[in-house]
Amino acid sequence: MSFVAEFNSLPLGSLVGRARDCTVSAARESLAKDKIALADFAQLISPAAGELLETMGRRSHSLTQRRFGKVIRLFAPLYLSNECINNCKYCGFSRDNPILRVTLSVDEARREARALAAYGFRNILLVAGEHPKFISNGYLAECVAALHAEIPSVSLEVGPMETADYQPLVAAGADGLVVYQETYDRAVYSDMHTSGPKRNFEWRMETPERAYAAGFRRIGIGALYGLADWRYEALSVAAHAEYLLRNCWKASLTISLPRLRPCAGEFQPLTHMSDRELVQLVCGFRLMFPDVGLVLSTREPAKLRDGLFPLGITLVSAGSRTEPGGYTGAGKEHLHQTVRGRIVETGSSEWATNGHATNATGQFNIADERSADEVAKSIQRLGYEPVWKDWDTALTA
Ligand code: SF4
């Protein structure tokens, strides 16, 4: 049975009710348990459990240190392309946004990877929009093979594929696949994804299973907070993680907690999750999933990130750029602007010109603008070791 079937039979309505209405004493009972079930998780993310946040934080902190040690792993996103055939209302790369677009050549991607390696990164996430003409499977496999020769750990965040299409990417050296459901609320999903193959909610939901079948060693999931009720999303992510831990147990699993950021298209979040609720959610995930990696990106500001690191976060991006060529300026020569998917003369849209019309447009604005080195120093100041490399191909031999 795929997760879709399990998701369809989840009592999400009553779990969300529990997450809204539970009392402090019921939340305390859940917090006292060694093994947190989905119903306990619902109580731990309730407003009532917010009153127990200090205790949750202490438990989450000590559990993370016992399972992961005093280390925080670093990675950087490397955007290969911002071409996309989908319209996702919340994303700067949406097909209809009039932005500056480019797809890096393999050599340009290599230049970007070398720049990241010079900063110290040995773990990169290749990101691309979904556009079969520009971002074919063959192109991705070539990029992975070229970059894996220099960077030990290469993961992908690209349009969902069939298992057979993932296999050449794994063979080329990709070890991780990240795919966010964005929202687990079908009605909101349908409203947000107005055209393109991403409209298929269930196809996307089954992507981690296809990726696992293809041999990816790391699987990353998550919801984009700001689209539907955050407790509903968190419960769905938790159920999805439980399923993957049961059925895809050979892979290591990570959960990301991205909140919406400003981007081209000026989409405004539909729902709000406060900083304090984000902290509570990190603790809730950690208490339910002691061994699952929790990922925090530069979408969050420096001060909040530093506060969250010791509470359960195990993997962080740093010094990130969200445009192709962002680290070296690679690809500037073949930038083009598109309007409703058609290439036009470069215009004067604020997002397209980026003030100086020299770079491709980014996916969203980042909030933590520190360099990778500054983030690493901050991690050290907190008493943790920043880990740039946690895997080597020799380990799989
Ligand atoms: S979220 Fe992904 S699929 Fe949607 S427009 Fe952005 S890049 Fe394309």
Antiparallel DSSP beta bridges within the chain, as percent of all bridges there, nearest 5: 20 percent
Fraction of beta bridges assigned by DSSP in segment 10-161 that are antiparallel (%, nearest 5): 10 percent
Expected 222 nm ellipticity per residue - DSSP helices of 4 or more, -39500 (n - 2.57), all of the chain, to 500: -11500 deg cm²/dmol
For the chain, cysteines whose Cβ has no other cysteine Cβ within reach (under 4.7 Å): Cys22, Cys84, Cys143, Cys248, Cys263, Cys283
Carbon/sulfur fraction of accessible area - the chain, other protein chains in place, 1.4 Å, %: 51 percent
Distance in nm between pseudo-label sites at Ile343 and Asn8 (7 Å out along the Cβ direction from Cα): 4.3 nm
10 Å binning of all Cα-Cα separations within the chain, expressed as whole percents from 0 upward: 5, 23, 34, 27, 10, 1, 0
Distance violations [Cα-Cα > 26 Å] among Lys89/Lys389; Lys35/Lys303; Lys70/Lys250: Lys89/Lys389; Lys35/Lys303
Average accessible area per residue (Å²) across the chain - probe 1.4 Å, nucleic acids and ligands excluded: 40 Å²
Potential extension, Asp165-Arg199 segment - 0.36 nm per residue separation minus Cα distance: 10.3 nm
Relative packing of 140-148, 10-18, which averages over residues the other C-beta atoms within 10 Å, highest first: 140-148, 10-18
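The values are calculated or read from the model by the stated rules, or taken from the named source; none is laboratory data. It should be emphasised that the depicted structure is a prediction, and the values quoted were computed from it without experimental measurement. Here the Cβ is made from the backbone with ideal geometry for all residues, glycine too, and neighbour counts use every protein chain on show. Note: areas computed on protein heavy atoms with side chains; ligands, DNA, RNA excluded. Shrake-Rupley method; radii C 1.70, N 1.55, O 1.52, S 1.80 Å.
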